[in-house]
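The values are calculated or read from the model by the stated rules, or taken from the named source; none is laboratory data. Quick caveat, the model's predicted, so the values are computed rather than measured. Virtual Cβ from ideal backbone geometry, glycine too; neighbours counted across all protein chains shown.
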């Protein structure tokens, strides 16, 4: 048979097996450095500041149990059946209400809300909807690794812009945009975590928020605000979110601003429930991408999330408990670093979120420190993991949420020992 | 300021707003025809054979409720916390055990199993891991729409190969491969639903399964078997899955065969729990893609699925109930079509699954029929929706799972009226 002959001939140099079949972009993809590093630090007795998990003892197991019982009793098969790609109406309603209430994001109506399988999926859907290979995405440096992975997976070219204690250096962004425009490659997306950024803990100042919206309107890029930590403010006054600020403008910025949210840090990451609040022209493209990706998010976990979020009494007490616990831990870590490590490490004020960003004042390499630190029984994530260049080499991300004040004191003490042994 | 000047200059022709920012692949993506069509048929009194949903009254609401209570009591915060990308050990274990038991897929160890957010995500991850834009994927024609969407989203070039009552025409596949090899573009993936295919209901004959494995080994493509319906056989003997057959061979086919599974049709689609059983060289690429996509699948729904699947007594009784209900409905539909429509529609034997594939014997257009049928109060999906060419124009997909035998009789009668009015 002719076919069999051609197939046999073609297979003569050896059929392509295994890794030769992988896509170029798959070969280029990297695993999360943090994920690989967490395997190293999973040892008995290790005090880990390396994770980025909410405090497990604050996960509302009992409330989720009663919510699930209510959902299954009320909605029956609907909670277990196929569901609309856009999300369950109950969840979209309560997300819209809460977002408008907290001034995190302007929502005209519940239909503005697209439910996602965690906010990580929101990043992936935005990358697919907006980026062709080679398109430019501007990210914060240091910045959230999961976002870098999602954007890179679409073949986008990532450009990092520095941050300081007031968040993204918008003046530096202007220079970068200038260069990109001259080169004919303005960015498709500028991505920021404006509240208590991961890893720097910095919050974007209000004047910079306005200037960022100016730039979005003038240049025409999609401004994505990812806000997992805004509700975890335990000191100071909250700032309005970018989509809320955009709503008051008539320069087109509101049609270019997307807000990503999640229940991961306020209820549970294990529900995998997030959302994207996006303008009308963009939402259908996100929905099409989501259809191809996972059809829809679990209606069961969506309805559980809606049930818990709608319980205002529970949510306000629960958030207060998270905030007071994290404040106590952040303060314990800051105090212990001051007393145990002293001027060898510099940190800024911590007003919320889950992370403390330290700088080794002597300019030591945080990666070198990491290696002696794990032997001393304390772990963190070296700053290099969050940067596209080497600007994070003397930085450490310290997550304070999962250790007690005593353990945080002990961790600081071990860090001090490790740092002494290094210098 | 220089920057502001450049930005102002660049924005003079008008900044890019809205749809101009969408990616090329997003613009090319289409929404599911079925999804759009389902909006049309959602009318009071409509008898719909158009869906593709499991019977809602058979969704195990009570068993899921007790399973959830057990999971939250046993695992506590672990069910609500971040979790490994690969999936929860409990679920991977029971999936491995059940797959080996049913001879659907060879599993060496639980680590071979990657948990996915429904099997739709398995398709998306395979597309990302294997396909660069322009790479060829061979699909069945007619074939599962969700797969076409997932592969197309990666920029792959889809080539359809015909099916008949014994599934994929492997002889035709050989000819297609011949041409592709000569052109220097052998496929990366050949995708089949070997049991009770959606939409044709056909099951791939055993000799064709072996020939397909021969071709995979000789040409070197990844053979993906998606098996949502295999457990829904209500007549005849089950055939071994492709990965199970591959395990007995020494030609490399086992390292090229992937099995996708899901709890959607046997427990609940709303849990969004599926899995990919894949060779060692491919799994890390799937895991990296999943990290960027949604970090991990909900540990809560994974543990619920594991709890229910591990209850052998429940599962065997539950599956028996699904099978007997679907058999009764399939037979009722087949009988009613024979008595009401008669020779105007041809259907094959239905031995399992959820679908009956009909052909209008007079060569009428199923899309024309659809328009008069919805006025007559009955809906189905025209065959064109499942084909890359016009080979499905006289075909209808009839889903028999969600109507009672009486309703199915009534639906056939309305279909007959619609068909008469057409000719």
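Within the stretch B:387-408, the set of residues being crowded, with 19+ Cβ neighbours inside 10 Å and closer than 18 Å to residue B:346 by Cα comprises B:392, B:394, B:395, B:396, B:397, B:398, B:399, B:400, B:408.
Condition test on residue B:334, is it touching a strand residue (DSSP E or B) at 6+ places or on another chain (Cβ under 7 Å), surrounded by fewer than 23 Cβ atoms within 10 Å (Cβ to Cβ) and part of a helix (DSSP H, G or I)? It is true that residue B:334 is touching a strand residue (DSSP E or B) at 6+ places or on another chain (Cβ under 7 Å), surrounded by fewer than 23 Cβ atoms within 10 Å (Cβ to Cβ) and part of a helix (DSSP H, G or I). Please determine, by comparing only the residues of the stretch B:9-34 that are at the interface with chain A (Cβ under 7 Å from one of its Cβ atoms) and in a helix (DSSP H, G or I), which one is modelled with the lowest pLDDT. Only one residue fits best here, namely B:10.
Looking across the stretch B:337-367, the residues that are in contact with a strand residue (DSSP E or B) (Cβ under 9 Å, 6 or more places away or on another chain) and in a helix (DSSP H, G or I) come down to B:337, B:338, B:341, B:344, B:366, B:367. Residue count for the stretch A:374-414, restricted to those that are over 21 Å from the mean Cα position of the chain (by Cα), in a helix (DSSP H, G or I) and more than 23 Å from residue A:56 (Cβ to Cβ): 3. Keeping to the stretch B:234-276, report how many residues are part of a loop (DSSP other than H, G, I, E, B) and touching a helix residue (DSSP H, G or I) at 6+ places or on another chain (Cβ under 9 Å). Matching residues across the stretch B:234-276 total 18. When residue B:349 is tested against the conditions (1) at pLDDT 95 or above; (2) in contact with a helix residue (DSSP H, G or I) (Cβ under 9 Å, 6 or more places away or on another chain), the lone failure is (1). Which one of the conditions (1) outside any loop (DSSP other than H, G, I, E, B); (2) facing another protein chain (nearest Cβ under 7 Å) does residue B:281 fail to meet, given that it meets all the rest? The failed condition is (1). All of (1) within 13 Å of chain B (Cβ to nearest Cβ); (2) surrounded by fewer than 23 Cβ atoms within 10 Å (Cβ to Cβ); (3) closer than 17 Å to residue A:102 by Cβ hold for residue A:267 with one exception: (2). Among the residues examined, residue B:154 does not qualify as on the phi < 0 side of the Ramachandran plot and more than 8 Å from chain A (Cβ to nearest Cβ).
Here residue B:299 fulfils each of the conditions (1) over 28 Å from residue B:200 (Cβ atoms); (2) at pLDDT 95 or above; (3) surrounded by fewer than 24 Cβ atoms within 10 Å (Cβ to Cβ) apart from (3). Against the test of being more than 11 Å from chain A (Cβ to nearest Cβ) and surrounded by fewer than 23 Cβ atoms within 10 Å (Cβ to Cβ), the options B:165, B:183 yield a single qualifying residue, B:165. Consider the stretch B:108-143 and keep the residues that are in contact with a strand residue (DSSP E or B) (Cβ under 8 Å, 6 or more places away or on another chain) and surrounded by fewer than 24 Cβ atoms within 10 Å (Cβ to Cβ). The one that is nearest to the other protein chains (Cβ to nearest Cβ) is B:135.
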